[in-house]
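The values are calculated or read from the model by the stated rules, or taken from the named source; none is laboratory data. Please read these numbers as outputs of a predicted model, since none were measured by experiment. Positions of Cβ are backbone-derived with ideal geometry, glycine not excepted, and every protein chain shown enters the neighbour counts. SASA here: full protein model, heavy atoms, side chains in, ligands and nucleic acids out. Shrake-Rupley method; radii C 1.70, N 1.55, O 1.52, S 1.80 Å.
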Amino acid sequence: MRPTSWPCPLPDGGTSREYALAFDRQRRHRLLILPALFDEGNRLRRFTVEVMRRLDAAGIDSFLPDLPGCNESLQPLQAQTIPGWLAATIAAGRHFGATHVLGVRGGCLFTPAELPALHYAPVKAASILRQMLRARVLSSREAGREETREVLAEQAQASGINLAGYELGRDFYSHFEPLVPESGAILIEQGKVGGSGLWLRAEPDEDAAQTDALATILTVEIAG
Amino acid sequence: MSNDTDQLLRRVLTDVLGLKPGQADGFNADTGLFGHLPELDSMAVAGLLTELEDRLDIVIEDDEIDGEMLETYGGLLAFAEAKRAEA
């Protein structure tokens, strides 16, 4: 595994260097992995990287890019847009010469149409936001402030919002909220992987059996 | 149905807290949850409630969520049973 970077298009026509983890031995099968988003991204990162190690052992190259504004990115999350993220994932797929793309949870919302796609436990954007809004309501209540999800959602559409530490811009929120995963992908439901999804965990965790199961499914679909 | 809710609730807590199989069997009505378990922060509670909605087929409104219902296993179970009875 090697940390690397890739040129990510910016809305103004320039590019930024974004970080990625890569298992690259110039092999025939090359999988771009779009990580889970926001808090789920933290909880699933170790699992995702463990799956990449299994894929490497199974003869498949894989690449885990940061979306601009996420993880190690120097770009402000607040300035990101949905077309920008779609352009970013297309650019990452081309830069790494991907033959397939895997979306993990919210990452499924951004799998480029030009690559054969696999979706692991895809989720609607509205479900991700519902949970983040609820977390905000709960933490505000702990701090003695009463808020409601309805009012917060209106505020988000009007002027953007900070949810669980993630600063989402107005345009991003409005365009993100209606996104649903495309139906053309090969669907990998949690039931096929076994156990309960690690995104449910309060703390980041790992599960060797689930890692093996997902890597095996991916290997069969990509190289089998 | 009460038993069923109890089982489902223990299973959701097992998934959210990453408990070992059977560990949630030791929970009783007084077992402390929110405010007692450091890993059960607001994001984890939000996930827990959303998962309960999906698995118990209930809708939980913001104003129904209070400290008492989240503080102990017994409080959360009583809430879940009441929600299912009205659904």
Determine whether B:G26 is open to solvent by 30 Å² or more (accessible area, probe 1.4 Å), closer than 17 Å to B:E68 by Cβ and either modelled with pLDDT of 85 or more or of a type outside the set (F, W, Y) (or both).
no
Determine which single condition B:T50 fails, assuming it passes every other condition in (1) within 17 Å of A:R149 (Cβ to Cβ); (2) of a type in the set (S, T, N, Q); (3) in a loop (DSSP other than H, G, I, E, B).
(3)
Looking only at strands (runs of 3 or more DSSP E) that fall completely inside region A:1-83, which ones have 1 or more residues that are touching a residue at least 12 places away in the same chain (Cβ under 8 Å) and open to solvent by 50 Å² or more (accessible area, probe 1.4 Å)?
A:2-9, A:15-23
If we keep just the residues of region A:209-224 that are away from chain B (no Cβ under 14 Å) and open to solvent by 30 Å² or more (accessible area, probe 1.4 Å), which is farthest from the chain's Cα centre (by Cα)?
A:G224
Taking the residues in region A:111-120 that are hydrophobic (A, V, I, L, M, F, W, C) and surrounded by fewer than 23 Cβ atoms within 10 Å (Cβ to Cβ) as candidates, determine which candidate is nearest to A:A87 (Cα to Cα).
A:A113
How many of the residues making up region A:188-200 are in contact with a helix residue (DSSP H, G or I) (Cβ under 6 Å, 6 or more places away or on another chain) and either within 10 Å of another protein chain (Cβ to nearest Cβ) or more than 15 Å from A:L218 (Cβ to Cβ) (or both)?
6
Looking at region A:182-195, I want the residues that are over 14 Å from A:V104 (Cβ atoms) and have a partner that is in a strand (DSSP E or B) with Cβ atoms under 8 Å, at least 6 apart or on another chain. Which pairs are those?
A:E182/A:A117; A:G184/A:A117
Residue count, region A:164-181 (criterion: modelled with pLDDT of 95 or more, out of contact with any Cys (no Cβ under 8 Å at 6 or more places or on another chain) and more than 22 Å from A:P11 (Cα to Cα)):
1
So which residues in region A:129-151 are more than 10 Å from every other protein chain (Cβ to nearest Cβ) and buried (at least 16 other Cβ atoms within 10 Å of the Cβ)?
A:L129
For the subset of region A:152-182 comprising residues that are within 14 Å of chain B (Cβ to nearest Cβ) and touching a strand residue (DSSP E or B) at 6+ places or on another chain (Cβ under 8 Å), which member is farthest from A:Q80 (Cα to Cα)?
A:L152
Kindly indicate whether any position in region B:37-46 is open to solvent by 50 Å² or more (accessible area, probe 1.4 Å) and more than 10 Å from every other protein chain (Cβ to nearest Cβ).
no
